[in-house]
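See below for the structure under consideration.
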Amino acid sequence: MPDATAAGALPPRPDLSRWMMGVGFLLTPTRFFDACHARCGDWFTLRPAPGRTLVVTADPDAVREVLRGDPDVLHAGAGNAVLAPVLGPGSTLLLDGAEHLRHRRMLLPPFHGDRLRASTAVMEEVAARHVAAWPRGQAGPALPRMQALTLEIIVRTVFGVEDPAHVARVGAPLRRVLAQVGTRGRVVALGLTQGRHAGPLSPWRRFLAARAAADAVVTEELAARRHAAPGQDVLSLLLQARDEHGEGLTDAELRDELMTLLIAGHETTATALAWTVERLVRHPDVLATAVAERRAGGHAYLDAVIRETLRLRPVVPAVVRQLRRDLRLGGWDLPAGVHVAPSIYLLHRRADLYPEPLAFRPQRFLDAAPSSSTWIPFGGGVRRCLGASFALLEMRVVLGALLDAAQLAPARGDRAGEGTTRRAITFAPARGGRIVLR
Ligand code: HEM
């Protein structure tokens, strides 16, 4: 659908310089969104790329309406089109309508109920082994360590493989794809060279080569599994899953879904874990309470720490929906084609929803469970992250293993909180969550 250009109907555009509009969005994203909010309030319009109109909102009523609205009018798949080069067109994240529901129904069961509980043993074993091997007494970023750990968990959960060499053979090409979008500079370079006919060393061509290598490994695993006896892993369950017409997913669809689960399923969780330790080492009282609770065998406070981190440092800063027809929202008549983006980042920082919103205070979530309309790090409605329960359990297990095995401290001279950097579509700690383990 062509994007809308009917500017008159749209919320204001922030009066920021062209440079700030382009570079701020990519390089200093939280400062950029704070500046837009300060200038325009809860609604503003951005043009992040030619022909793309993004209406950002932090208005709680509108956010609720968008997340719970008619999925045939509010297309999330079209809104996520930017992910297509990495995930492929058959990814749940990129589908809409009946096809989206068909895929989602088949993907959900492995990540819930008994199946989810069965994943705990893998999470515990991997977490304890990785944490034991992390260097002691030396400052370093938590993020790469968390990425290696969550990658092993998701590869083992999805493919049911245990042999370390096999896990590495599947995991390494996936990390190489993500490395292509892993820094601010690379995101900018990729955007500038995307789709252009350039030499083999151009960022876009290098990205395509990395993706082809990852594709090849996933396709190979898939082919091998089609001929093997089914196990309890996610791929075995997906191979057996059938829709209401008795049809399963094709190989091309399965490939894209596996890519989605592997990538969406570990990079986000690793970043959330890095933010959690970044926050914990700067709040010794919170850290001490979490350790004491762990020794007493509980996890309610640790869960609240995780929820508070996801509130204040959401890994995915916004969800996006493209309008398939004109829609009135928050008093604005938005034309079909526009992209509407409920801002998770701005919503979570509203003083009317969270008193003293910038304070890191896990207690908020001990007194009351998070509300599904004001705490939305996993999005919402029929598009809510289908790995949310998996991610929350994994975070509890990994942080628990960390608190059991080591004392956490901030790196020397590193008392101030870390800023935010953009890694592809995620917001990550600027220095990777630097900590020292003792
Ligand atoms: C802390 C970790 C995670 C965060 C913050 C996160 C966040 C999100 C968000 C914001 C969305 C979009 C929701 C919307 O548009 O309303 C999403 C969708 C999705 N996530 Fe996650 N996610 C995480 C972990 C995971 C894991 C572990 C998996 C898989 C094992 C996963 C798989 C997916 C999938 C398949 C979708 C698409 C759902 C759909 O469109 O129906 N995510 N996630």
Taking springs between alpha-carbon atoms closer than 10 angstrom, which of His348, His227, His112 fluctuates most in the Gaussian network model of the chain?
His227
In whole percent, and with a 1.4 Å probe on the protein chains, what portion of the accessible area of region 7-437 is carbon and sulfur?
57
5 Å is the cut-off here: which amide hydrogens, built 1.01 Å from N in the peptide plane, fall below it relative to Thr421, excluding neighbours closer than 5 in sequence?
Ala428, Ala430
Where the eigenvalues come from the Cα gyration tensor of the chain, what are the semi-axes √(5λ) of the equivalent ellipsoid, largest first, in whole Å?
31, 29, 22
For region 46-176, what Kirkwood radius comes out of the mean inverse Cα-Cα distance, in Å?
18.4
Rounded to the nearest 500, what is the 222 nm mean residue ellipticity of the chain from helices alone, with -39500 (n - 2.57) per DSSP H run of 4+ residues and division by all residues?
-15000 deg cm²/dmol
Alpha-carbon Debye profile of region 280-438, log10 I(q)/I(0) at 0.09, 0.14, 0.15, 0.19 Å⁻¹
-0.36, -0.81, -0.91, -1.37
Quick one: Karplus J couplings for region 38-46, per residue in order, coefficients 6.51, -1.76, 1.60, θ = phi - 60°, nearest Hz, x for Gly and Pro?
4, 7, 10, x, 6, 10, 8, 10, 10
What relative contact order, as a whole-number percentage, does the chain give when Cα pairs under 8 Å and 6 or more residues apart are counted?
27
For region 301-315, in residue order, the Karplus 3J(HN,Hα) values (coefficients 6.51, -1.76, 1.60; θ = phi - 60°; whole Hz; Gly and Pro = x) are 5, 4, 4, 5, 4, 4, 5, 5, 5, 5, 6, 7, 10, x, 6
Name the residue, out of Leu329, Leu74, Leu149, whose mean-square fluctuation peaks in a Gaussian network model built on the chain with Cα pairs under 10 Å.
Leu329
Taking the mean number of other Cβ atoms within 10 Å as a proxy for protection, how do you rank 378-387, 316-325, 238-247, 164-173 from highest to lowest?
316-325, 378-387, 164-173, 238-247
In sequence order, calculated HN-Hα J values of region 253-263 (Karplus, 6.51, -1.76, 1.60; Hz; x Gly/Pro)
5, 4, 4, 5, 5, 5, 4, 4, 5, 5, 7
Would you grab the residues whose amide H sits under 5 Å from the one on Thr53? Only those 5+ places off in sequence or on another chain, please, with H modelled 1.01 Å from N.
Ala4, His339
Sort 256-266, 330-340, 353-363 by the packing proxy (mean of other Cβ within 10 Å over each peptide's residues), most packed first.
256-266, 330-340, 353-363
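The values are calculated or read from the model by the stated rules, or taken from the named source; none is laboratory data. What you see is a predicted model; the values in this text were computed from it and never measured. Note: ideal-geometry Cβ built from the backbone for every residue, glycine included; neighbour counts use all protein chains shown. To get the accessible areas, we keep the full protein, side chains included, count just its heavy atoms, and leave off ligands, DNA and RNA. Shrake-Rupley method; radii C 1.70, N 1.55, O 1.52, S 1.80 Å.
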